[in-house]
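Novice: Pasting a structure below so you can have a look.
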Amino acid sequence: MRVLKTLFFSLLLSCTCAAATPADTSVETQVIQSALQPSALEENLRRLTDEIGGRVPGTPAMQHAVQWGVQALTAAGADGVHTEGFTIPYSWSEGATEMTASTAHQVSATKVGGGTVLSVFRVRVVSVAWAPALAPVKHVPVVDVGEGTTADFKKAGELAGKILLVHTAVLKTWDDLFAEYAKAPPVVDLAVKAKATAVAFLASREHDILYRHTNSGEGEIDKLPMVLVAREDGERMARLLAAGDPVWADLSIPNQIGGPIKASNVIAEIKGSEKPEEFVILGAHLDSWELGTGALDNGCNAALVVDALRAIKASGVKPRRSIRFVLFSGEEQGLIGSHAYAVAHRFELDKAAGVVVYDAGTGKTTGFAIGGRKDVEGTARELIAPLAQFGVKDLKPDIEWGTDHFDFLLEGVPTFVAEQEEANYLENYHAVSDTYDKVDFAQLKKHVAEAAALSVGLANLPEKIGPRLTHAQISQTIVETHAEDMFKAFGLWDDWVGGKRGREK
Ligand SMILES: [Zn+2]
């Protein structure tokens, strides 16, 4: 996943803060040179995507991916590699989802006949992830509810027992993606209230591309059956309805849902030479959706984490603090692995010296989001100075949700999320087309260099880049970056304020 919060506040920080501690960037240069050498990056990713494939927690592929992570991090030269388990409340897998539409239209009488003609056509469709199953239903009326606003629902009339067609915008920008996630839950609530049988969202991708989407935030099973329909088929049904032709659908969603799943994060370490108990985390999620093979999201960045370890080791640089290289799981079901890790390691997060996360394919890195931390900005600017050669120069103040830094941010740890150009990420996002051939390796290699250099830079500062913030201080950064609306849109606000998620005091 990768959802950016950029709607509310996107002003870049100006450089006003004095650096708290001077950064020595010569070791970063050494690490960058090492990162740009030939390595197993391509081969590691080929094995992860082509041989193992899509990686949903609870499946054999995910278990193989964990073995891949342990093996690849060991081969890269880690001082130690281990796994840490956690639980996801439900398992979920899609069966053979099928939808067939029929419509009736009048043909005026001619020599060869006339009257009512029935047309039947197949609708290309996939279930929304972690949505409940639907036993086969036949000849159910399809109703167009437009964008699915409250006004749209009122206008649509009686919706009980019907299939609701919901329109979407074509996905082009990070803001569009944020909007797609934010828009669906209120539609689902209205559909449940109206006692609809199912919701059919038009795919936000053109050319028949289907993809996996979820509206469930923390691995819970959603409230009603939902499918994504290929945009072209959805538009056809919408045009028929607009022309006054009735549309009915046969729909079957035989999802298989089971009890709790055991999942694992993979953690490797380079031990710090001076302050081994203090640590930087470089992380990316290893799990993916399974319609494609999870290459851009997020296999390429799992391979990046492995190769960054290789690059640091091969450079001969011995970081002062430890660096943990973490391959998270359960990210696509709602950041479950990184949340579990942050909670399990809460006792030692005072010693965390920064968390760096990559989760946006291989579009060029333009900078890092620093989660509202004005206090780290001056030093961070020094640390990214050697990365200007790759085009990395912006520090964005925004608090973002939607990838594995989030629960560390809520624990008060300084976080650095790579800001990347969209490139080909969005058209292939969670889609059948997210495969190895989409990865820009020349660019990925630069990202390995950036990630390794920033991690070493954070690990080598004389003092940690910033302190762990208290609950009150974190709240202040949420207010200052205007992130409350984002927290509310994703159902995170009550958990934060109520102390159920994030730092308690
Ligand atoms: Zn992702």
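The values are calculated or read from the model by the stated rules, or taken from the named source; none is laboratory data. Please read these numbers as outputs of a predicted model, since none were measured by experiment. With ideal geometry, Cβ positions are generated from the backbone for all residues, glycine too; neighbour counts draw on all protein chains shown.
Novice: Filter the range 439-456 down to the residues that are touching an Asp or Glu at 6+ places or on another chain (Cβ under 7 Å) and surrounded by 24 or more Cβ atoms within 10 Å (Cβ to Cβ), then identify the one that is nearest to residue 357 (Cα to Cα).
Specialist: Only one residue fits best here, namely 448.
Novice: Moving on to the next point. Pick from the range 412-434 the residues that are touching a helix residue (DSSP H, G or I) at 6+ places or on another chain (Cβ under 6 Å) and within 15 Å of the ligand (Cβ to nearest atom): which of them is nearest to residue 278 (Cα to Cα)?
Specialist: 425
Novice: Would you point out which residue out of 272, 244 is away from the ligand (no atom under 16 Å from the Cβ), farther than 30 Å from residue 464 by Cβ, more than 15 Å from the chain's Cα centre (by Cα) and not charged (D, E, K, R)?
Specialist: Among 272, 244, only 244 is away from the ligand (no atom under 16 Å from the Cβ), farther than 30 Å from residue 464 by Cβ, more than 15 Å from the chain's Cα centre (by Cα) and not charged (D, E, K, R).
Novice: Among the residues of the range 264-275, is any of a type in the set (S, T, N, Q), out of contact with any His (no Cβ under 6 Å at 6 or more places or on another chain) and part of a strand (DSSP E or B)?
Specialist: yes
Novice: Looking at residue 188, is it part of a helix (DSSP H, G or I) and under 25 Å from residue 332 (Cβ atoms)?
Specialist: Yes.
Novice: How many residues does the range 354-394 hold that are closer than 28 Å to residue 217 by Cα and of a type in the set (A, V, I, L, M)?
Specialist: The total comes to 6.
Novice: Quickly run through the range 146-167 and pick out the residues that are free of Cβ contacts under 8 Å to residues at least 40 places away in the same chain and surrounded by 14 or more Cβ atoms within 10 Å (Cβ to Cβ).
Specialist: 146, 149, 152, 156, 159, 162, 164, 166, listed by residue number.
Novice: Sort out which residues of the range 155-169 are in a loop (DSSP other than H, G, I, E, B) and more than 13 Å from residue 234 (Cα to Cα), and write them in order of number.
Specialist: 157, 158, 159, 160, 161, 162
Novice: Residues that are within 16 Å of the ligand (Cβ to nearest atom) and more than 30 Å from residue 63 (Cβ to Cβ), at least 1 per element: which helices (runs of 4 or more DSSP H) completely within the range 296-411 meet that?
Specialist: So the answer is none; nothing clears 1.
Novice: Taking the condition of being closer than 30 Å to residue 339 by Cα and of a type outside the set (D, E, K, R), how many residues in the range 200-237 meet it?
Specialist: 17
Novice: Might you let me know whether the range 256-265 holds any residue that is of a type in the set (A, V, I, L, M, F, W, C), within 15 Å of residue 55 (Cβ to Cβ) and away from the ligand (no atom under 14 Å from the Cβ)?
Specialist: Taking every residue of the range 256-265 in turn, at least one turns out to be of a type in the set (A, V, I, L, M, F, W, C), within 15 Å of residue 55 (Cβ to Cβ) and away from the ligand (no atom under 14 Å from the Cβ).
Novice: Quick one: residue 142 ticks every box in (1) outside any strand (DSSP E or B); (2) of a type in the set (A, V, I, L, M, F, W, C); (3) over 12 Å from residue 226 (Cβ atoms); (4) in contact (Cβ under 8 Å) with a residue 12 or more places away in the chain bar one, so which box is it?
Specialist: Every condition holds for residue 142 apart from (1).
Novice: Might you check whether a residue that is closer than 26 Å to residue 92 by Cβ and away from the ligand (no atom under 16 Å from the Cβ) occurs anywhere in the range 234-241?
Specialist: Yes, there is a match, as at least one residue in the range 234-241 is closer than 26 Å to residue 92 by Cβ and away from the ligand (no atom under 16 Å from the Cβ).
Novice: Between a first residue in the range 439-467 that is among the basic types (Lys, Arg) and a second residue that is not in a helix (DSSP H, G or I), which pairs have beta carbons less than 6 Å apart while being 6 or more apart in sequence or on different chains?
Specialist: Here the result reads 464/353, each pair linking the range 439-467 to a residue that is not in a helix (DSSP H, G or I).
Novice: Please state which of the following conditions residue 467 fails to meet, knowing it meets all the rest: (1) modelled with pLDDT of 95 or more; (2) surrounded by fewer than 24 Cβ atoms within 10 Å (Cβ to Cβ); (3) in a helix (DSSP H, G or I).
Specialist: (3) is the only condition that residue 467 fails.
Novice: So which residues in the range 285-329 are at positive phi and crowded, with 24+ Cβ neighbours inside 10 Å, if there are any at all?
Specialist: Residue satisfying the conditions is 294 alone.
Novice: Restricting to the range 283-295, name every residue that is in a loop (DSSP other than H, G, I, E, B) and either out of contact with any Lys or Arg (no Cβ under 8 Å at 6 or more places or on another chain) or within 11 Å of the ligand (Cβ to nearest atom) (or both).
Specialist: 286, 287, 288, 289, 292, 293, 294
Novice: Hey, does the range 424-437 have a residue that's in a helix (DSSP H, G or I) and within 15 Å of residue 300 (Cβ to Cβ)?
Specialist: Checked the range 424-437: at least one residue is in a helix (DSSP H, G or I) and within 15 Å of residue 300 (Cβ to Cβ).
Novice: Output the residues belonging to the range 291-332 that are in contact with a Pro (Cβ under 7 Å, 6 or more places away or on another chain) and closer than 29 Å to residue 210 by Cα.
Specialist: Once the filter is applied, which keeps residues that are in contact with a Pro (Cβ under 7 Å, 6 or more places away or on another chain) and closer than 29 Å to residue 210 by Cα, the range 291-332 yields 329, 330.
Novice: Another question, if that's okay. Could you grab me the full set of residues in the range 412-423 that are out of contact with any strand residue (DSSP E or B) (no Cβ under 8 Å at 6 or more places or on another chain) and either assigned to a strand (DSSP E or B) or on the phi < 0 side of the Ramachandran plot (or both)?
Specialist: Matches in the range 412-423: 422 only.
Novice: Taking the range 483-505 only, how many residues are modelled with pLDDT of 95 or more and at positive phi?
Specialist: Residues in the range 483-505 being modelled with pLDDT of 95 or more and at positive phi: 1 in total.
Novice: Does residue 233 qualify as being of a type outside the set (Phe, Trp, Tyr) and closer than 21 Å to residue 332 by Cα?
Specialist: No: the conditions fail for residue 233.
Novice: Which members of the range 56-97 meet the condition of being closer than 20 Å to residue 221 by Cα, part of a strand (DSSP E or B) and of a type outside the set (Ser, Thr, Tyr)?
Specialist: 86, 88, 92
Novice: Return yes or no: is residue 131 within 22 Å of the chain's Cα centre (by Cα), among the small types (Gly, Ala, Ser) and under 17 Å from residue 210 (Cα atoms)?
Specialist: For residue 131, the condition - within 22 Å of the chain's Cα centre (by Cα), among the small types (Gly, Ala, Ser) and under 17 Å from residue 210 (Cα atoms) - is met.
Novice: To continue, here is another question. Take the conditions on the phi > 0 side of the Ramachandran plot and touching a helix residue (DSSP H, G or I) at 6+ places or on another chain (Cβ under 9 Å) and apply them to residue 363. Does it pass?
Specialist: In short, no.
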